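> Can you keep this structure in mind? I'll have questions shortly.
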Amino acid sequence: MPSLLSPDPTTRPATRCEPSRDCPACPRLVAFRHEARSREPAWHNAPVPSFGDPAARLLIVGLAPGLRGANRTGRPFTGDYAGDLLYTTLSEHGLSRGVFAARPDDGLSLVDTMLTNAVRCVPPENKPTGGEIAACRPFLSATIAALPRLKVIVALGRVAHESTLRALGERPNDHAFRHAARHAVGGVALYDSYHCSRYNTQTRRLTPEMFKAVFAAVRAELNAAG
Ligand code: URA
């Protein structure tokens, strides 16, 4: 688990789980946010807060909000292609309640699950820099630290995998990213999946079956934990 005594400020939990609406930490992302606000004033256009159950045993870590998805709607994975596969899979494994309709007011709730992103602000071309990932890590660390019943983390993609490991005080070199791998890390099981992006699914790098198999393993582990 993350240590408050960590010498590395990027692994130290922030005092709060969510950045402020006008978080100034990453100048490039601030500029991108301001452009989006003037172009699309009705959109969320701010750090996207985590969504789910504060007593969750499962944390899912994505990459960053999509420009026309979470950055527009204000809820992780809501309004873009990646969310369709993710929320369908959560429903199939009893990890959500209600019907996902790709809008934050669809009444959906997550069951025993919290959903967050390694980077809370939308980055240009979906590609946060290493500095931006590090600057946002204290919020990921705080999110992890705020889940007292946490047992399992699913990292969607390599960026989420590495940032989660660092947030847990581990070295990414000691736990290589591999689809469907399970890493035991300080009392938590970290599962890897390729990100459920449109690109990965259209190229068949990630099939729905591959994705659902990861969540079947997670479901089995949560059931066994009782
Ligand atoms: N939407 C998110 O919130 N996160 C992702 O990683 C992708 C889409």
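> Of 39, 103, 72, which is the most mobile in a GNM of the chain whose springs link Cα atoms less than 10 angstrom apart?
The residue that fluctuates most here is 39.
> Separate question: By its C-alpha gyration tensor, with a ≥ b ≥ c as the square roots of the eigenvalues, how is region 3-114 shaped: rounded for a/c under 1.5, else prolate for a/b larger than b/c, else oblate?
Oblate.
> Quick check: with the 1.4 Å probe, what order do 17, 23, 196 take by accessible area, largest first?
17, 23, 196
> Please report the carbon-and-sulfur percent of the accessible area for region 27-225; probe 1.4 Å, protein heavy atoms only, DNA, RNA and ligands left out.
Within region 27-225, the accessible surface is 52 percent carbon and sulfur.
> Same structure again: Looking at the chain as a GNM with Cα springs under 10 Å, which of 119, 159, 185 has the largest mean-square fluctuation?
Top of the fluctuation ranking is 185.
> Quick one: work out the % antiparallel among DSSP beta bridges in region 30-146, nearest 5.
45
> Across the Cα atoms of the chain, what radius of gyration and what greatest pairwise Cα-Cα distance (Dmax) are found, in Å?
Cα radius of gyration and Dmax of the chain are 16.3, 50 Å respectively.
> Considering only the other residues whose Cβ falls under 10 Å of the Cβ of residue 197, what net charge follows from Lys and Arg at +1 and Asp and Glu at -1?
+1
> What does the charge add up to near residue 153, with Lys and Arg as +1, Asp and Glu as -1, over the other residues with Cβ less than 12 Å from its Cβ?
The answer is 0.
> Moving on to the next point. Report the charge-dipole magnitude of the chain in Debye, nearest 20, computed about the Cα centre from +1 at each Lys and Arg Cβ and -1 at each Asp and Glu Cβ.
180
> I've got another one for you. Based solely on its DSSP helices, what 222 nm [θ] is calculated for the chain when runs of n ≥ 4 H residues each add -39,500 (n - 2.57) and the sum is averaged over all residues, nearest 500 deg cm²/dmol?
Helix-only estimate at 222 nm: -10500 deg cm²/dmol.
> What FRET efficiency do you get for residue 223 and residue 179 if R0 is 22 Å and r is their Cβ-Cβ distance, rounded to the nearest 0.05?
The formula returns an efficiency of 0.50 here.
> May I pose another question? Could you compute the net charge surrounding residue 30? Neighbours are other residues with a C-beta less than 13 Å from the C-beta of residue 30; K and R count +1, D and E count -1.
+2
> Given a 1.4 Å probe and the protein chains all in place, what does the accessible area of residue 16 round to, in Å² to the nearest 10?
130
> Rounded to the nearest whole Å², what accessible area per residue is found for region 110-226 with the 1.4 Å probe?
42
> I want the antiparallel fraction of DSSP beta bridges within the chain, as a percent rounded to 5.
About 35 percent, rounded to the nearest 5.
The values are calculated or read from the model by the stated rules, or taken from the named source; none is laboratory data. Just so you know, these numbers come straight off a predicted model, no measurement behind them. All Cβ positions, even for glycine, are placed from backbone atoms using ideal geometry, and neighbour counts span all protein chains on display. Quick note on the areas: whole protein, heavy atoms, side chains included, nothing else; ligands and nucleic acids left out. Shrake-Rupley method; radii C 1.70, N 1.55, O 1.52, S 1.80 Å.
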